[in-house]
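Asks: Handing you a structure now.
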Amino acid sequence: MSAMELYTQIHTALNACMDAHVRQSTRARLALLVLGMIEAKSASPAQVGQALHRLGLSQAQPASIERRIRRLENDPAISDVLCFHPFARQRLLWGKPQELLLILDPTTQDDRIYLVTVAVWYRGRALPLAWVAWEANTPLKGARFWERIAKLLACVAELLPKGVKITWLADRAFGTPSFTDLLTQYDWFYVVRVQKQTRCCDRRQREREIYQLLHPVRRRGKMRGMAFKSRGWRECSIVVFWGKNHSSPLCLVSNLPLGWYLIRLYRRRYPIEALFRDYKTQGWQWERGQVVDLDHVQRLLVAMALATWFAILVGAHFADAWLHQPPSGQRRTGSWWGKRSLFTIGLHYLKRHIMSNEIVCLFWSFKDWTLLNWAEQDYFHHARAFVFANR
């Protein structure tokens, strides 16, 4: 597959869903930016320009290509609403999920930009779905924090397929009725971490701080009761767990039925941290680029989100291909690729296939949204064969 063929696939994938108000010239430049980011493993316009020049997609010099990319950052048509949300909505529909886990978490670009992202959990990775960003370390102008979060949730509601069970995972920054009440308006479920001093009350009206539910020996506790006294009691399931290697207890509240499975469910929040790592260091080098203006960052985030979806899509396809190969029965641990994320695998094959005759199709669909992490799938694939081969 040549670089031109991969560019054509990206362009075609965007054309298939992008808003009609986006000009063809803008779509073409956006496709170039996404391809350049994949080749350069960087969102820096200078690095993208050099990558596109290496691929031979333009006869212009790298400096000229870089200026073209920077003009794209000034294009108001490049927005999440016009360019990315139609793409994400389409891919979710193609995937036909029965239930989805959504993860909400904030991060920053150095000390300049504050970013709150909603991502979809998929086999141990997080697919960016929607976000809101503003300048960091300055007083908010206009809408307040929870107004912005409410608008973000309303945007997410329009992207999700109808009739799908939705469960939200969020850390302590969102462990408040200001957030959970917004979710229940949409009949969504949630598992949210709260501060250990959050007040709770059992059915016998015994009131205490949540961490006091801990059993002194088993170091865990659970109950169905009420929480958030200072904001008016809300009925919920409450689970507390203090692992041996943890410096503080994990305190969770949820509107799902009570059970220890809530701890396992909450642990699926971690992939959004990996997503931010891929944005900043392992993938797109977001913090090392020269793009710092908020409007320019917003447009760059669109390309980063598209490139991330393509990388994980390709990684998932090759991961499935390996799982269909019979294991040797000689390996008791996961394979070398099983220790790499779907994002890393996808980037590897996208870059490799630019210069090879092997086929990558960006119209593959995401499937099996409730599967285990890819690393767990790979481990069990080999370990099961090892156990039964040596009985």
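Asks: Just need a number here: residues in the stretch 248-258 that are assigned to a loop (DSSP other than H, G, I, E, B), open to solvent by 10 Å² or more (accessible area, probe 1.4 Å) and free of Cβ contacts under 8 Å to residues at least 60 places away in the same chain.
Replies: Residues in the stretch 248-258 being assigned to a loop (DSSP other than H, G, I, E, B), open to solvent by 10 Å² or more (accessible area, probe 1.4 Å) and free of Cβ contacts under 8 Å to residues at least 60 places away in the same chain: 3 in total.
Asks: A further question follows. Of all residues in the stretch 17-28, which are in contact (Cβ under 8 Å) with a residue 40 or more places away in the chain and open to solvent by 60 Å² or more (accessible area, probe 1.4 Å)?
Replies: Those that are in contact (Cβ under 8 Å) with a residue 40 or more places away in the chain and open to solvent by 60 Å² or more (accessible area, probe 1.4 Å): His21, Arg23.
Asks: Tell me which residues, restricted to the stretch 183-210, are under 18 Å from Gly232 (Cβ atoms) and among the hydroxyl-bearing types (Ser, Thr, Tyr).
Replies: Matches in the stretch 183-210: Thr184, Tyr190, Thr198.
Asks: Kindly indicate the residue of the stretch 366-379 that is over 16 Å from the mean Cα position of the chain (by Cα) and at pLDDT 90 or above and also surrounded by the fewest Cβ atoms within 10 Å (Cβ to Cβ) among those meeting that condition.
Replies: Going through the qualifying residues, I end up with Glu376.
Asks: List every residue pair whose Cβ atoms lie under 8 Å apart, where the two residues are 6 or more positions apart in sequence or sit on different chains, the first residue falls within the stretch 47-76 and is aliphatic (A, V, I, L, M), and the second residue, located anywhere, is at pLDDT 90 or above and not in a helix (DSSP H, G or I).
Replies: Val48/Ser42; Ala51/Ser42; Leu72/Ile78
Asks: Here are Ala43, Ala51, Ala63, Ala77: which of them is outside any loop (DSSP other than H, G, I, E, B) and either closer than 16 Å to Ala303 by Cβ or open to solvent by less than 20 Å² (accessible area, probe 1.4 Å) (or both)? Steps first, please.
Replies: Values: Ala43 fails: outside any loop (DSSP other than H, G, I, E, B); Ala63 fails: either closer than 16 Å to Ala303 by Cβ or open to solvent by less than 20 Å² (accessible area, probe 1.4 Å) (or both); Ala77 fails: outside any loop (DSSP other than H, G, I, E, B).
Answer to the check: Ala51.
Asks: For the stretch 162-179, which residues satisfy the criterion of being over 15 Å from Val118 (Cβ atoms) and in contact with a helix residue (DSSP H, G or I) (Cβ under 8 Å, 6 or more places away or on another chain)?
Replies: Residues satisfying the conditions are Thr176, Pro177, Ser178.
Asks: Filter the stretch 200-247 down to the residues that are aliphatic (A, V, I, L, M) and not in a loop (DSSP other than H, G, I, E, B), then identify the one that is surrounded by the fewest Cβ atoms within 10 Å (Cβ to Cβ). Spell out how you get there, then give the answer.
Replies: Initially, the stretch 200-247 is screened for residues aliphatic (A, V, I, L, M), giving 210, 213-214, 217, 223, 226-227, 238-240.
Next, only the ones that are not in a loop (DSSP other than H, G, I, E, B) stay: 210, 213, 223, 226-227, 238-240.
Details: Ile210: 24, Leu213: 20, Met223: 18, Met226: 20, Ala227: 22, Ile238: 24, Val239: 24, Val240: 23.
Applying the filter and picking the extreme gives Met223.
Asks: Which residue, of Lys165, Lys196, Lys96, is out of contact with any Asp or Glu (no Cβ under 9 Å at 6 or more places or on another chain) and either among the aliphatic types (A, V, I, L, M) or open to solvent by 20 Å² or more (accessible area, probe 1.4 Å) (or both)? Full working, then the answer.
Replies: On the way: Lys165 fails: out of contact with any Asp or Glu (no Cβ under 9 Å at 6 or more places or on another chain); Lys196 fails: out of contact with any Asp or Glu (no Cβ under 9 Å at 6 or more places or on another chain).
Within the list Lys165, Lys196, Lys96, the selection yields Lys96.
The values are calculated or read from the model by the stated rules, or taken from the named source; none is laboratory data. Keep in mind that what you see is a predicted model, and the values were worked out from it rather than measured. Cβ coordinates were reconstructed from backbone atoms using ideal geometry, including for glycine residues, and neighbour counts include every protein chain displayed. With ligands, DNA and RNA removed, areas are computed over all heavy atoms of the protein, side chains included. Shrake-Rupley method; radii C 1.70, N 1.55, O 1.52, S 1.80 Å.
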